[in-house]
1. Taking segment 212-238 as the region of interest, how many residues are assigned to a helix (DSSP H, G or I) and either within 15 Å of the ligand (Cβ to nearest atom) or charged (D, E, K, R) (or both)?
2. Select from segment 25-51 the residues that are under 20 Å from A226 (Cβ atoms), open to solvent by less than 30 Å² (accessible area, probe 1.4 Å) and of a type in the set (A, V, I, L, M, F, W, C) and list them in ascending order.
3. Sort out which residues of segment 159-182 are over 15 Å from G126 (Cβ atoms), among the small types (G, A, S) and either in contact (Cβ under 8 Å) with a residue 12 or more places away in the chain or assigned to a loop (DSSP other than H, G, I, E, B) (or both), and write them in order of number.
4. Which residues, counting only those in segment 189-211, are part of a loop (DSSP other than H, G, I, E, B) and free of Cβ contacts under 8 Å to residues at least 12 places away in the same chain?
5. Could we say that A108 is more than 12 Å from the ligand (Cβ to nearest atom), small (G, A, S) and under 18 Å from the mean Cα position of the chain (by Cα) here?
6. Consider T131 carefully, then state whether it is without any contact (Cβ under 8 Å) to a residue 12 or more places away in the chain, among the β-branched types (V, I, T) and surrounded by fewer than 19 Cβ atoms within 10 Å (Cβ to Cβ).
7. Give the residue that is farthest from the ligand (Cβ to nearest atom), with candidates limited to residues of segment 144-175 that are open to solvent by less than 60 Å² (accessible area, probe 1.4 Å) and of a type in the set (S, T, N, Q).
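The values are calculated or read from the model by the stated rules, or taken from the named source; none is laboratory data. Nothing here was measured: the structure is a model prediction, and the numbers come from that model. Every residue, glycine as well, gets a Cβ built from its backbone with ideal geometry; the counts of neighbours run over all protein chains shown. Side chains are part of the model used for accessible areas, which takes the heavy atoms of the whole protein and leaves out ligands, DNA and RNA. Shrake-Rupley method; radii C 1.70, N 1.55, O 1.52, S 1.80 Å.
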Amino acid sequence: MIVGTSWKMNKTRPEAQAWVAEVCAGLPPLGADDQVFVIPPFTAIAPAKEAAANTPLLVGAQNVHEADAGAFTGEISAAMLRELGCDIVELGHSERRTLFNESDLAIAAKVHQVLTAGMRPLICVGEDAPTREAGKATDYVLSQAHAVFAHVQPNELADCWLAYEPVWAIGSGSTPATPAQIAPVHAALRDNFPTIPLLYGGSVAIDNAAALVATPAVDGLFVGRAALAAQGFLTILNASLSTTSS
Ligand code: PGA
């Protein structure tokens, strides 16, 4: 089971340190297949990494630039993230795709950078509400995933994680997806990409985590708001681990 969170544009360095210290102090025993991660904003990666030293908590970044280095004001390279000790880089979140116009091609180039630097890409895919209402959710998600993975070597696929995050289920005021809505999309992703662990994200909460991880082909959860408090994250983690180990 894989359980992690992105803080998006939240938390100062002291807040990050406090969250990581509280989570690491409360981590349950993890099995060989269990992975736990946090993805702070760039400025809090180093303190989060330091607070997570000698614990199983993995630390990631929320974006990377597709070039090695150069005249790209405001951007961060994969080598810079690796230098900070990043384990994971989140790519293609719907907020990046929508607010910052990221294309599948740009995301594919970023995946290449992340893999080359020795980190794990966590790629997000997901349809918007009109696409789901038109009955095209699974086709759309598959096309996003194929557009990225077409550029990844077959032997590198297992180093990637994929998160299905329906856009309509993300953020406050949205509708959480049900296991019945998630199951066919995850089944199709599993058929197409059998070696890639599949996470679900979008309004994961304390009261729905157990049902979500019990959904076939769901290998983990990618949590937003509900994990901004350390105890929320720990509760969701414990619920996920006890559901899958029972
Ligand atoms: P949310 O965010 O859990 O706050 O809906 C999820 C995400 O954007 O990954």
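1. The total comes to 10.
2. Passing the criteria: V36, F37, V38, I39, A44, A48.
3. S172, G173
4. Answer for segment 189-211, where residues must be part of a loop (DSSP other than H, G, I, E, B) and free of Cβ contacts under 8 Å to residues at least 12 places away in the same chain: P194, D207.
5. Yes, satisfied.
6. Judged against the criteria, T131 is a match.
7. Out of the qualifying residues, it is Q144.
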